[in-house]
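S.K.: Got a structure for you, written out below as structure tokens; questions coming shortly.
The values are calculated or read from the model by the stated rules, or taken from the named source; none is laboratory data. Everything quoted here is computed from the prediction, not taken from an experiment. Backbone-built Cβ (ideal geometry, glycine too); neighbour counts: all protein chains shown.
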Amino acid sequence: MVSPLFSHLLIPFIIALLLGITMGGSGTGPAFSAAFGASVIRKSLIPGIFGLMVFAGAIIAGKETATTVGRELIDPKMLNFTTVSIILFSVAISLLIANLVGIPQSTSQSTVFAVIAPAIYFGVFDPYVLFAEIIPAWFILPVIAFFLSLFFGKYIYRPMRRRGLTISRSNNVNKKPFLDYLILLMSLYVSFSIGSNNVANAAGPIASMTANELNVHGERNFLLIMILSTLMVAPGFAIGSSIFGDKILNNTGKEIVLFGKIEAVIIAFVSASLLLFASVVKGIPTSLVQLNVAAILGIGVAKLGTKNIFRRTKVRKFFHMWLIAPLIAFSLTMLLIFIADLIGLL
């Protein structure tokens, strides 16, 4: 006989694994689009490496973000197995739609909107963390990523080109072997940063739900449960990368702007550093996808000019999907919470 508690926990964990798969597909672009775009790694190697580094980032640096998602956006006592299942399912659907379109989407934004939906429905929503910390970071960090990359591209990379350091046949920096290793290192760094932030989107609600179901509380117990939740969610990132990563890698790595190895290092370093900063310092669930694309756009503007880069079709599609997916997650969560409440599941 399967105990009711096991059944209650099993369903959300399965949905969390499926969410991890969709997050893995979406996260592959930000992690490896720079390396793939610069042609320094085979596509077949990406899923395994990506999954390992995501897991490491979640275990080492993911606690703060998991706490924000699982405890600060909503009263953790509300996170029973029905509510958590609905939240994770809604986020997974919104990301699946984005993955099928081939647009890398913000897992964090879809999750945040899904988590606040039941709090709003039951009239216990506290807007402070969302409006004072999270949403400002969503606007400010991509702007910083854009201008940092624009600065590096305009005042470091372009002067190097003018001096012949990147185009001279006798001294082409882009052909130096050490840059291949540096780009791969940056891709690992980005994957680690994803683990520090995005795994918490599933692990945070799962950890709070498990603590409620087991009736165990306290910081130490929450940390242990979060680690166990991470063990369930993180493998899905590698699976999702192998399933959905191909189309997203092509969109972000090849079709926005053709960049060389030096630019690839700039893109990866800027986006990963900002995400890791948000994760460790404030525990803010942040969109690495948007940081990465903002950094790519910054480099693109430095190379091609503002008009040329922003006229590209893929850029416009990105902005549209970034608006739609969180609204899908919020609306679907609200609808399912209403139905669950109506039939007495809550």
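S.K.: For the stretch 313-346, name all the residues that are surrounded by fewer than 13 Cβ atoms within 10 Å (Cβ to Cβ), at pLDDT 75 or above and more than 20 Å from the chain's Cα centre (by Cα).
M.R.: Matches in the stretch 313-346: Ile339, Leu342, Ile343, Gly344.
S.K.: Show me the helices (runs of 4 or more DSSP H) found entirely inside the stretch 130-226 where at least 2 residues are closer than 18 Å to Val289 by Cβ, at pLDDT 75 or above and not aliphatic (A, V, I, L, M).
M.R.: Details: elements: 135-152, 158-162, 177-197, 200-214.
Per the criteria, 135-152, 177-197.
S.K.: A further question on this structure: Would it be correct to say that Gln109 is over 16 Å from Ile134 (Cα atoms) and not β-branched (Val, Ile, Thr)? Even if it seems obvious, please write down each step before you answer.
M.R.: Values: over 16 Å from Ile134 (Cα atoms): no; not β-branched (Val, Ile, Thr): yes.
Considered against the rule, which asks whether it is over 16 Å from Ile134 (Cα atoms) and not β-branched (Val, Ile, Thr), Gln109 comes out as no.
S.K.: Taking into account only those residues within the stretch 19-73 that are basic (Lys, Arg) and in contact (Cβ under 8 Å) with a residue 24 or more places away in the chain, which is surrounded by the fewest Cβ atoms within 10 Å (Cβ to Cβ)? Walk me through how you get there before you give the answer.
M.R.: Applying the first criterion (basic (Lys, Arg)) to the stretch 19-73 yields 42-43, 63, 71.
Within this subset, residues satisfying the condition of being in contact (Cβ under 8 Å) with a residue 24 or more places away in the chain are 43, 63, 71.
Details: Lys43: 16, Lys63: 24, Arg71: 19.
This residue is Lys43.
S.K.: Within the stretch 27-112, considering only helices (runs of 4 or more DSSP H) that don't extend past its boundaries, which have at least 2 residues that are modelled with pLDDT of 90 or more and farther than 23 Å from Met209 by Cβ?
M.R.: On the way: elements: 46-61, 63-67, 81-101.
Those helices (runs of 4 or more DSSP H) span 46-61.
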